[in-house]
Amino acid sequence: MTQDVPVDSSLEGALSTALIAGRRFFTRATVSDDQRALFKQGGRSGDAFYRDRWSHDKVVRSTHGVNCTGSCSWKVYVKDGIITWEAQQTDYPSAGADRPDYEPRGCPRGAAFSWYTYSPTRIRYPYVRGVLLEMYREAKSRLGDPVLAWADIVEDPERAARYKKARGKGGLVRASWAEAAEIYAAATCHTIKRWGPDRIAGFSPIPAMSMVSHASGARWTSLLGGAMLSFYDWYADLPVASPQIFGDQTDVPESGDWWDAGYLIMWGSNIPVTRTPDAHWMTEARYRGQKVIVVAPDYADNVKFADEWLPAAPGTDAALAMAMGHVVLREFFVDDRVDYFTEYVKKYTDLPYLITLDEIAGESGTVYRPGKFLTAAELAGDSGTVEENAAFRPVLLDARTAEPFVPNGSLGHRFGETGAGRWNLDLGDVDPALTLYGAPTPDRAETSAVEVELPRFDVRGPDALLRRGVPVRRVAGRLVTTVLDLMLAQYGVGRPGLPGTFAAGYEDASAPYTPAWQESITGVPAGAVARIAREFAQNAADTRGRSMIIVGAGTNHWFHSDTIYRAMLMLTTITGCQGVNGGGWAHYVGQEKARPITGWAQLAFGLDWSRPPRQMIQTAYWYLHTDQFRYDNYDVEHLAAPNATGRFRGMGTADALALSARLGWMPSYPTFDRNPLDLADDAAASGLEPAEYVVRSLQDGSLRFACEDPDAPENFPRMLTMWRANLFGSSGKGNEYFLKHLLGTDSSVQARETPPDQRPTSLVWRDEAPEGKLDLLCTLDFRMTSSTILSDIVLPAATWYEKHDISTTDMHPFIHSFNPAINPPWQTKTDWDIFHTLAQTFAPLGAKHLGVRRDLVAAPLLHDSPEAMATPHGVVRDWRAGECDPVPGKTMPKLIVVERDYGAIADKMAALGPLMEKLGATTKAITYDVTREVEYLRGKIGVVRAPGSVTDGRPSLVKDIAAAETIMALSGTTNGHLATQGFETLEKRTGTQLADLAREHEGKRITFADTQAAPVPVITSPEWSGSETGGRRYSPFTINTERLKPWHTLTGRQHFYLDHDWIQELGEVLPVFKPPLDMTEIFGEPEIGSVGELGVTVRYLTPHNKWSIHSEYQDNLFMLSLSRGGQAIWMSDVDAAKVGIADNDWIEAVNRNGVVAARAIVSHRMPEGVVYMHHAQDRLIDVPRTETTGKRGGIHNSLTRIMLKPSHIIGGYAQLAFAFNYLGPTGNQRDEVTVIRKRTQPVRY
Amino acid sequence: MSLFLWVIFPYLCLAVFVVGHAWRYRYDAFGWTTRSSQLYEDRLLRLGSPLFHFGMLGVVGGHVIGLLIPRSWTDAVGIDEHRYHLGAVIGGLIAGVMALVGLAILVYRRRTVGPVFSATTAMDKVMYLVLTVVITLGMWNTIAGSTLNLGGEYDYREGVSVWYRSFLAFQPDASLMTQAPIGFKLHALAAFALFALWPFTRLVHVFSAPVGYLTRPYIVYRSRDVRPLGTSAARRGWERVGS
């Protein structure tokens, strides 16, 4: 049927109708009856331009490499051998039939990356600092040997100072690969011989998003005996609360699981800006009825997606969370009960566990202080029958019998014979008593209540101690209460009949931690807080745990972020949201999740050739080696609770570090004031066992820990190699101190050194602060950065579109690949090739100058091992003070001798070593037998043919693809056989069924070719805590909740309570609010808000940048064009008006640490009293000389300084024990303040 | 001298005009544009641009009548000298004033509006200068010669126009111009200079004015060409099938 389409004359009008109708007389083309369309024959020659513009020769899959959580797979287009542009891949695995897809993934930053390939800042050739190169050529021609030549230069103070002072002042000249590698190899050789291998450090962050590239240098450094520096804690991305609560580094849901949440709080995480490709899940879930709340101090981009916005003042998030916790406890645990919550916390948290109360005789009568977990050791009492690991088997009360009960699943069951088959959360018929309030007692007599003293930190002085009552009982002769009872006291939730002062109601502003109390601190209305807390918990009750909090850098980068996170995680844990799809915490800050972690770790740390590797906590490393400790003038006591015992009195942060190193809590490199190679020789010469020799030497004082005298030349770090990293433009808190003391070049340090009476007591103080400690700084990069311009050797690296590698993130459960769209252009090489080149250059020098040596490695007490039981009850005992004997591996570091064949390093790097079959591969206390995998690799990647060498017949790692295959073959997530084997091993310990989780994929093996074809979903493995079995979305701890597998903590449950001596001293046994550090009080900075002649004082925050984060950098021309361009500081219109600053004015920010010159972005989006200087703007684009010092201007970290929190360096005790990037002091930077003023001088460059 | 001014120079300019356009189209097809600044400012533009452009249409029309149509033709259709003169002066003045005022607004805008000024090239400035000179001289000729009778009586239809037609017919008679008043001479010379500049300025947009839009339906379909798409030849094994 045809219909006449009437011409709507109202649309065109008579004139246009006539005009178009007239056209037919002048053309052969047909005009349609409705006059809407014209049909022409041919005439497409104009298309040729567009056809040519978008034609290409090939499309290659790759992604963006160092730390992009998105890790989107991209199509890289190549035309005539030139990378032309990139576009989003669309072939992700499905997230399930009833939910959106992963695709679309990608953001403007990632789409701008291909600019770097041919950018003006691309590093095309090796560069060496000119003055150094001249010296080296001269010395080598004179001495004939590279190592002697290097020694000749660096041992001459005058020449050494000359090239160090030239750092950062231009003068990099081209060198050949051979020459650059030779200088590097000579320096390495000399440093090992003269000072020791632990004076060499390597730094490359975040392996997950290019594991092969990370492993390249890490393998090289580890095989040498150098120290790999941690990054997760250093970046302040590690939420220390995670080890504290979960005993897990960090495990979080994939973004697809946001869809499952019914209630979502974005708390300090600006999802649309920093997690752009995943933000769609959040927007889509709203259509499913999800309620979205945002907590952010500024009108951030994510606020516009939110149903409600809680603008809490910066750094006060814990106050808000505590008030929400108050409401949840009051309404869901006291006034009313929810069965789901009650059952959950009984089974999966430490709330029912018994805590002893310590009696203190005070002036106003007897009070009590929360003490330690009651354990089986106390129960045994004098009976003499002490069970195995009794001090690590905490106790709860069985509500049915009112008798103490030692549940399975604690740390004491995780190791040792009697724990086999009992490390699980199965409580049998036992019904744990959550509270002693009104609980039956065996003799119906002993229940009573006492007052406990609880510190608060929002006020100082006599009011800083709260006295609140808890119900108690006497068990095994000790007065005890439950963790829940203490929690209720801490949160101020009263119950009739208990002594002490509790909150009168939500409106009681005088009582912590009510909604009204928090309002005066956070500025958020009390009513809104109570309502949202209620909604959050009610949603969790209705959905059985589908309430989620996405947390981020905004809350995590504070000095006290561990307490902030504990207050927030209390909300998700007490409401039964952890271990539930759609619920719990979701922390996406920094990227820890190399899903094939076992294989990566073997490769990266050379565990196939020698163990243990040296792994260092980077924050402590730079705190000492950049001499920032020389400017710290406060006691750790300053951080202690008002009712502290005085343990920290007179203890500086550096003293705390020295103690931590001495007791084996945390690693410390360089370890001793002697070359560890010489130390091993000395031990051999003495005829003693090496460990015994060291212990004796330490005791008689002939040997000292290097960290007790960091300014002695023998204790300097001598060499630093960086790849995939930009320490001096991005992560180096206290940038000016780095420049001054580590590099010995110009700096803008404004601070004064600590006066004698405030200096650390256990350290040697040298009057002359050294400058230029580092002999060689070598950086591999594809672009010029703040770090390369300060480096002595710059090596040209391939970009992410020019190499083979693999990528995984915590945001999505699949693995995919990097592939070279073009070969590395000019003289660039992949990281893998570069380190092999360096190793091959080094090998002959190593053979000649070093040979085979024995290296004495001091290693800390490790998490996920029996060593975590070194400190019963977390009672600190210092062998130096005579409180215990020095026992390596128990009360001090392990001391292990490792053989190093320096002539064979290059061969070993290129072959998978024999320890794989001999010792297996261990992750989180599960050891995998990989004999079968090594045999498979022989066939897959080929073997080394080198008769007579140790590497003969070993799988060959010459190529980067071989490294990728090895990583995947040796990991459970990518090899179903290993996953199943690991679960079977674990079953023996837990006695529960687990292996079925992986059995569906037992025969599956993900190969590199698979990852090239499309992103491949990974396999459920005991390496992680969540399950993807059956294609479900990844959420952490689902194996724990569903299969009763314990958390890796003291109780095996999620911990609200921490009982280590130091935690008690800091007043942090329970979640608590600690305000941001008071820089006025500690360092004498002006008060926030004050306006003086120098400008206005504001809080200085360095959040992530919208225009440069994760997948590209600040210098990208496209992003510079889209943004303001150049260094900028965001400030509020109110602050700007105080000192006459207008938008785009040049301003200067000054504090004791340094100076920054930038432009002002004045916006009412910013709250008063706060400025943002976006992270990592580098010093390369539009950075003029400052008015204050006349030196070229400063980066965001010029105003920061390392602030080290002592609770982060606790070790050797249950979940508070070291593992690389699992626990360590954070390099936080949020508590800083600065003075801002308008620039008066014209800008000069 | 007169041979150079009225024969060689005009033909040179004409040659540059023709060859220049061909060159520009060949090598700068994507630069063939008005370089519109409407995005940066449109309040003044909305006033100045139509004034100028419609004024210029009148000016061009007047030149076509005055230069190309011989006097005998207008006489033949019965337009006597007085009526022709009246029409030419009134029409010319209106169109000229429109163009000149429009131009003044546009130049003012270009200088005072920051983004527009930033988008102004050196060639734009030269072009504006020459264009202003040409229009001003033309106005002067109309006013001085025809209205105020300054410099004596001169009928360009007997002199300049005849020379111009001889120039177009490639039989140039330079003597006709030597007798013309200085105003006409300068106007003609400046105009030829403008023609020589033309292909290298934004004036090329005159030849791509979108008049076709007046009669064009909304949607234009072009069927596929038989010729290969793009400029590269199809590779072996990748030849197109079907049509």
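Here are a few things to note about the model shown:
- Number of positions in the stretch A:664-691 that are out of contact with any strand residue (DSSP E or B) (no Cβ under 6 Å at 6 or more places or on another chain), under 24 Å from A:M228 (Cα atoms) and not in a helix (DSSP H, G or I): 7
- Just one residue in the set A:F341, A:F332 is within 18 Å of A:L484 (Cβ to Cβ), out of contact with any Gly (no Cβ under 8 Å at 6 or more places or on another chain) and aromatic (F, W, Y); that residue is A:F332.
- Any strands (runs of 3 or more DSSP E) falling wholly within the stretch A:227-297 and containing at least 2 residues that are modelled with pLDDT under 95 and not small (G, A, S): none
- Criterion applied to A:R595, A:R614 was being in contact with a strand residue (DSSP E or B) (Cβ under 6 Å, 6 or more places away or on another chain), touching a residue at least 24 places away in the same chain (Cβ under 8 Å) and of a type in the set (D, E, K, R), and the one residue passing it is A:R614.
For (1) surrounded by 24 or more Cβ atoms within 10 Å (Cβ to Cβ); (2) in contact with a Phe, Trp or Tyr (Cβ under 9 Å, 6 or more places away or on another chain); (3) in contact (Cβ under 8 Å) with a residue 40 or more places away in the chain; (4) not β-branched (V, I, T), each residue gets a yes or a no:
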| position | (1), (2), (3), (4) |
| --- | --- |
| A:G1126 | no, no, yes, yes |
| A:V1134 | no, no, no, no |
| A:A1158 | yes, yes, no, yes |
| A:I1161 | no, yes, no, no |
| A:R1165 | no, yes, yes, yes |
| A:P1184 | no, yes, yes, yes |
| A:M1203 | yes, yes, yes, yes |
| A:A1214 | yes, yes, yes, yes |
| A:F1218 | yes, yes, yes, yes |
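- Flag if A:V328 is among the β-branched types (V, I, T) and either without any contact (Cβ under 8 Å) to a residue 60 or more places away in the chain or not in a helix (DSSP H, G or I) (or both): no
- One residue from B:V64, B:V60 being modelled with pLDDT of 85 or more, exposed (fewer than 12 other Cβ atoms within 10 Å of the Cβ) and closer than 23 Å to B:F192 by Cα: B:V64
- Scope the stretch A:992-1022; condition touching a residue at least 40 places away in the same chain (Cβ under 8 Å) and closer than 11 Å to A:T980 by Cα; matching residues: A:L994, A:L997, A:I1019, A:T1020, A:S1021, A:P1022
- Residues in the stretch A:939-954 include none that are under 26 Å from the mean Cα position of the chain (by Cα) and either crowded, with 22+ Cβ neighbours inside 10 Å or more than 27 Å from A:M211 (Cβ to Cβ) (or both).
- Taking the criterion of being touching a strand residue (DSSP E or B) at 6+ places or on another chain (Cβ under 9 Å) and β-branched (V, I, T), the residues of the stretch A:499-558 that qualify are A:T501, A:T522, A:V524, A:V529, A:I532, A:T543, A:I549, A:I550, A:V551, A:T555.
- Residue match in the stretch A:761-779 (condition: basic (K, R), closer than 28 Å to A:T1188 by Cα and touching an Asp or Glu at 6+ places or on another chain (Cβ under 7 Å)): no
- Taking the criterion of being among the β-branched types (V, I, T) and under 18 Å from A:T356 (Cβ atoms), the residues of the stretch A:1053-1072 that qualify are A:I1063, A:V1069.
- Strands (runs of 3 or more DSSP E) (entirely within the stretch A:14-90) containing at least 2 residues that are within 10 Å of chain B (Cβ to nearest Cβ): A:37-40
- Residue match in the stretch A:771-787 (condition: assigned to a helix (DSSP H, G or I), of a type in the set (V, I, T), out of contact with any His (no Cβ under 7 Å at 6 or more places or on another chain) and closer than 17 Å to A:A166 by Cβ): no
- Filtered residues of the stretch A:474-494 (kept if out of contact with any helix residue (DSSP H, G or I) (no Cβ under 9 Å at 6 or more places or on another chain), touching a residue at least 40 places away in the same chain (Cβ under 8 Å) and part of a helix (DSSP H, G or I)): A:V483, A:D485, A:L486
- Residues being touching a residue at least 12 places away in the same chain (Cβ under 8 Å), exposed (fewer than 15 other Cβ atoms within 10 Å of the Cβ) and outside any loop (DSSP other than H, G, I, E, B) are entirely absent from the stretch B:132-143.
- Any strands (runs of 3 or more DSSP E) falling wholly within the stretch A:1134-1175 and containing at least 1 residues that are under 32 Å from the mean Cα position of the chain (by Cα), within 24 Å of A:M1203 (Cβ to Cβ) and aromatic (F, W, Y): A:1170-1173
- Top-ranked residue in the stretch A:45-70 [being touching a residue at least 12 places away in the same chain (Cβ under 8 Å) and basic (K, R); ranked as surrounded by the fewest Cβ atoms within 10 Å (Cβ to Cβ)]: A:K58
- Pick from the stretch A:150-164, criterion hydrophobic (A, V, I, L, M, F, W, C) and surrounded by 17 or more Cβ atoms within 10 Å (Cβ to Cβ), ranking: farthest from A:I192 (Cα to Cα): A:A160
The values are calculated or read from the model by the stated rules, or taken from the named source; none is laboratory data. Model, not experiment: these values are computed from the prediction. Every residue, glycine as well, gets a Cβ built from its backbone with ideal geometry; the counts of neighbours run over all protein chains shown.
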